[in-house]
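Notes to accompany the following structure.
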Amino acid sequence: MGRASPLLVICLVLGSSFATYNLVTMIIHYGSLESVATEDGGLFFDPIIEMPEHVKNRKTSKVPFHIALTATDAVYSKWQCRIMYYWYKKQRNLPGSEMGGFTRILHSGKADNLMDEIPTFVVNPLPRGLDRGYIVLNRPWAFVQWLHTAKIEEEYILMAEPDHVFVRPLPNLAYGAHPAAFPFFYIKPEQNEKIVRKYYPEEKGPVTNIDPIGNSPVIIRKDLISKIAPTWMNVSLEMKEDPETDKEFGWVLEMYAYAIASALHGVKHILRKDFMLQPPWDLETYNKFIIHYTYGCDYSLKGELTYGKIGEWRFDKRSHLARPPPRDLPLPPPGVPESVVTLVKMVNEASANIPNWETL
């Protein structure tokens, strides 16, 4: 063999240096080499990116997960749960699905009139006054009770919410000890480090250990959420008791509590942007799995978004607090994004096929 040319030697050195830099960067970000590159379940990729094909292909059989959502006995919660359950039943057995059983965790403390329609597990609410009017604080407490008491056959659990609609069959996006979660743009632990450090002390590591997530949607191994849930509950209550935290985090307080509780247990999530879309900001449902209709959708008759101002055409779940939306809602005008059109069509299909839709 002849001698390598100087140019080739330079290229090899630069390539080796670049690879070493990337590896070191990943180790710094995740804390150790074991957490980013192992044969027994570690990650060797940026978790904001979809799981690599070689990891996907390690699956030799389905790994089902149990769908669990927390709910109240209010009409507003009930009609959303009915729509969600309708689409769960339609998507569950289609190709690509790893959706297992389904449970509505009802934290009203008593049975309601949907018990025979939707599989339901009744748990107790927090003691009166403890939630300080923030009903979402009941969510972690509901999961603690359900996980401790119920018999759950699946190894994995999807934590979901009533205003989720399955737009296509959902596979198990988690991998081993790494749950899958949706990254929320407004969960920013680094920008709120002063407050976050009240619950995640410096000896636990950098604030970047905390994922920009809430508890939903999350697909997580049952043994992991069983450990996280009590911490999630306690951190939520501590946050609500602290005026500074309560004021700063507001309605996303319980989301921060889950993210911090996970980090306290050393759990990192695979962040999947394709897990969910949120109309009207996300414009299409292509290659997404769940529609989350938390935001109001307001448009002019020309199809122009009028967010913050009631539109000539609108769909907003909060317009239906006391009774379900009527069947056959009018479709959006031309020019409105496909995601909004699909959402309204899915609501219409569900309401048209659910018996006694308007009698809750």
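The values are calculated or read from the model by the stated rules, or taken from the named source; none is laboratory data. Only a predicted model underlies this, so the values are computations on that prediction, with no experimental measurement involved. Note that each Cβ is placed from the backbone with ideal geometry, even for glycine, and that neighbours are counted across all protein chains shown. Surface areas here come from the heavy atoms of the whole protein model, side chains and all, with no ligands, DNA or RNA. Shrake-Rupley method; radii C 1.70, N 1.55, O 1.52, S 1.80 Å.
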Cross-link partners among lysines for Lys110, C-alpha distance below 22 Å, same-chain residues fewer than 8 apart left out?
Lys78, Lys151
Would you mind calculating the relative contact order of region 102-196 from Cα pairs under 8 angstrom and at least 6 residues apart, reporting the percent as a whole number?
19 percent
Quick check: pseudo-label points 7 Å beyond the Cα along Cα→Cβ at Asp242 and Arg327, how many nm apart are they?
5.1 nm
I want to check the label-to-label distance for Lys151 and Ala74. Put each point 7 Å from Cα in the C-beta direction and report it in nm to one decimal.
3.5 nm
GluC sites (Glu not before Pro) lying in DSSP loop within region 266-360, provided at most 16 other Cβ fall within 10 Å:
Glu284, Glu304, Glu312, Glu358
Counting only residues 5 or more apart in sequence or on a different chain, those whose built amide H sits under 5 Å from that of Asp163 are none
Taking a label point 7 Å from the Cα of Asn113 along the Cα→Cβ vector, which residues of region 288-331 have an amide N closer than 15 Å to it?
322-325
Chymotrypsin sites (Phe, Trp or Tyr not before Pro) within region 256-287: DSSP coil, no more than 14 neighbouring Cβ in 10 Å:
Trp281, Tyr286
Compute the distance from the alpha-carbon center of region 200-243 to that of region 300-358, in whole Å.
34 Å
Spelling it out for Cys297: with amide H atoms placed in the peptide plane at 1.01 Å from N, the residues 5 or more places away or on another chain with amide H under 5 Å from its amide H are Phe315, Asp316
How would you classify region 202-360 from its alpha-carbon gyration tensor, with a ≥ b ≥ c the square roots of the eigenvalues: rounded for a/c under 1.5, else prolate if a/b is greater than b/c, otherwise oblate?
prolate
Once amide H atoms are placed 1.01 Å from N in the peptide plane, what residues at a sequence separation of 5 or more from Phe184, or on another chain, have their amide H within under 5 Å of its amide H?
Ile213, Gly214
Counting only protein heavy atoms and using a 1.4 Å probe, what share of the accessible area of region 210-280 belongs to carbon plus sulfur, as a whole percent?
53 percent
So what are the three principal axis dimensions of region 126-210 from its Cα atoms, in whole Å, longest to shortest?
39, 37, 25
Return the tail of the calculated pair distribution for region 71-158, meaning the percent of Cα-Cα pairs more than 18 Å apart.
49 percent
Rounded to the nearest 0.05, FRET efficiency between Lys204 and Ile135 (Cβ-Cβ, R0 22 Å) equals 0.15
What list of ³J(HN,Hα) couplings, whole Hz, do you get for region 279-296 from phi and the Karplus terms 6.51, -1.76, 1.60, once you set θ to phi - 60° and write x for glycine and proline?
x, x, 6, 8, 8, 9, 9, 4, 6, 10, 10, 10, 8, 10, 9, 7, 9, x
In Å², rounded to a whole number, the accessible area per residue of region 131-208 with probe 1.4 Å is 44 Å²
